[in-house]
Amino acid sequence: MANLRNRLPPLTSLAAFDAVCRHLSFTRAAAELCLTQAAVSRQIIALERHLNVALFERRAHDVALTADGEKFAKIVNPAINAIGDAAVKIKLSQTNKLTIFSEPCIANYWVTPRISRYQAEYPQTTITLLTSNLLIDEAREVFDIGLQYGCANKKVYAQQARWSDEIIVVACPEIHNKLPKNVKLTDLLDFPFVHTDRIGPGWVSWANFFENFGEYFPEEHTGLLFNNYHSSVDAAIHGAGLLLGWRFVVDAVMGEGKLKQIGDFTIPSPDDQFMYIKRNSPNSKSAKEFIEWVKNDLSIS
């Protein structure tokens, strides 16, 4: 080992030598290496002293390789690049990839707030987030984990986690502060409502919500209508009106103070929230890690 150490030049000087060879300029090599021009010059001088030859001819505005420099470059520079390529391949081989598919509102308000915490624990995982208003049974994209309200085809997808949800009334702080403390459901009719144009057994409209409490919701009531729930949540955050909030989606926004719960009006969500993986396909290490992390994060057994 001592013999090898004596034979090798300073290793940092080899990177400087390679950069100067390519740029034929100490200044441009320094910019590439994020060093000063003086630091690169010192490294080249140290290399030349170790070899006891001049590697570059210093000129007014650039440098040129000497004959000894050209000989050294033909052997050393390919070796340096080979070492760099090997390091990149090893690094990439340690990077896990994870693709998650979900509705835009779940992706934006549930997955995204958790990604930074997850990646702090698993920094080698690269996450791709695919969003669509389609159910996962209809999705054409390839993904590791699918999140959605409602069941998927059990022959195709295997359930990994399931949790119930509830629906509440939420609004921005400005609207919240205008309502009486002991608010009644009928008091809400003094304010505009945010609607989402969706139908199906898993969806709850304002009329359905009022009906659960034995109250009538007038169809002519003013408000905004959106064709997706993601836009409805954004509109409520910006003061457009009262919103029916699925807790799974709006909890993070409420935690930031952008939305507040109105009263204690609560009904169970008709559909549970599910996490799926595809059957008969390799369950990647990153998918297993994410599933376990979510279960711990939400205290799901």
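A compact table of results
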read-out	value
Where a residue in the range 204-215 is free of Cβ contacts under 8 Å to residues at least 40 places away in the same chain and its partner, wherever it lies, is loosely packed, with under 15 Cβ neighbours inside 10 Å and among the β-branched types (Val, Ile, Thr), with Cβ under 8 Å and at least six apart	215/186
Cβ pairs under 8 Å, 6+ apart, first in the range 19-38 and under 19 Å from residue 70 (Cα atoms) and assigned by TED's automatic domain parsing to the domain that holds residue 76, second β-branched (Val, Ile, Thr) and not in a helix (DSSP H, G or I)	20/63; 24/63; 25/63; 26/63
Filter result (free of Cβ contacts under 8 Å to residues at least 12 places away in the same chain and more than 21 Å from residue 284 (Cα to Cα)) within the range 102-145	134, 138
Single residue of 248, 265, 274 found to be of a type outside the set (Val, Ile, Thr), assigned to a strand (DSSP E or B) and within 22 Å of residue 161 (Cα to Cα)	274
Condition check for residue 224: part of a strand (DSSP E or B) and in contact (Cβ under 8 Å) with a residue 60 or more places away in the chain	no
Any chance residue 60 is aliphatic (A, V, I, L, M) and part of a helix (DSSP H, G or I)	no
Members of the range 108-140 that are assigned to a strand (DSSP E or B) and among the aliphatic types (A, V, I, L, M)	127, 129, 130
Residue that is modelled with the highest pLDDT [pool: residues in the range 141-167 that are part of a loop (DSSP other than H, G, I, E, B) and of a type in the set (Val, Ile, Thr)]	156
Unmet requirement for residue 170, which otherwise passes all of (1) under 20 Å from residue 237 (Cα atoms); (2) in a loop (DSSP other than H, G, I, E, B)	(2)
Search result, residues across the range 245-264 that are touching a helix residue (DSSP H, G or I) at 6+ places or on another chain (Cβ under 7 Å) and either under 24 Å from residue 101 (Cα atoms) or outside the structural domain of residue 209 (by TED's automatic domain parsing) (or both)	248, 249, 250, 252, 253
Residue list for the range 229-244, restricted to those being in contact with an Asp or Glu (Cβ under 8 Å, 6 or more places away or on another chain), under 15 Å from residue 174 (Cα atoms) and in a helix (DSSP H, G or I)	none
Condition check for residue 258: within 17 Å of residue 105 (Cβ to Cβ), basic (Lys, Arg) and either without any contact (Cβ under 8 Å) to a residue 12 or more places away in the chain or assigned to a loop (DSSP other than H, G, I, E, B) (or both)	yes
Residue in the range 290-297 that is touching a Ser or Thr at 6+ places or on another chain (Cβ under 8 Å), in a strand (DSSP E or B), within 27 Å of residue 114 (Cα to Cα) and not basic (Lys, Arg) present	no
Failed condition for residue 251, given (1) modelled with pLDDT under 90; (2) within 23 Å of residue 202 (Cα to Cα); (3) out of contact with any Leu (no Cβ under 9 Å at 6 or more places or on another chain)	(1)
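Conditions tested, residue by residue: (1) more than 30 Å from residue 126 (Cα to Cα); (2) over 42 Å from the mean Cα position of the chain (by Cα); (3) surrounded by fewer than 16 Cβ atoms within 10 Å (Cβ to Cβ); (4) at pLDDT below 90.
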site	(1), (2), (3), (4)
3	yes, yes, yes, yes
12	yes, no, yes, yes
44	yes, yes, no, no
50	yes, yes, yes, no
60	yes, yes, yes, yes
66	yes, yes, yes, no
84	no, no, yes, yes
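Okay, residues lined up against (1) surrounded by fewer than 21 Cβ atoms within 10 Å (Cβ to Cβ); (2) within 26 Å of residue 134 (Cα to Cα); (3) not assigned by TED's automatic domain parsing to the domain that holds residue 135; (4) not charged (D, E, K, R):
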{"site": "173", "(1), (2), (3), (4)": "yes, no, yes, yes"}
{"site": "197", "(1), (2), (3), (4)": "yes, yes, yes, no"}
{"site": "205", "(1), (2), (3), (4)": "yes, yes, yes, yes"}
{"site": "210", "(1), (2), (3), (4)": "yes, no, yes, yes"}
{"site": "221", "(1), (2), (3), (4)": "yes, no, yes, yes"}
{"site": "225", "(1), (2), (3), (4)": "yes, yes, yes, yes"}
{"site": "232", "(1), (2), (3), (4)": "no, yes, yes, yes"}
{"site": "236", "(1), (2), (3), (4)": "no, yes, yes, yes"}
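The values are calculated or read from the model by the stated rules, or taken from the named source; none is laboratory data. Model, not experiment: these values are computed from the prediction. Reconstructed Cβ throughout: ideal geometry from the backbone, glycine too, with neighbour counts over all protein chains shown.
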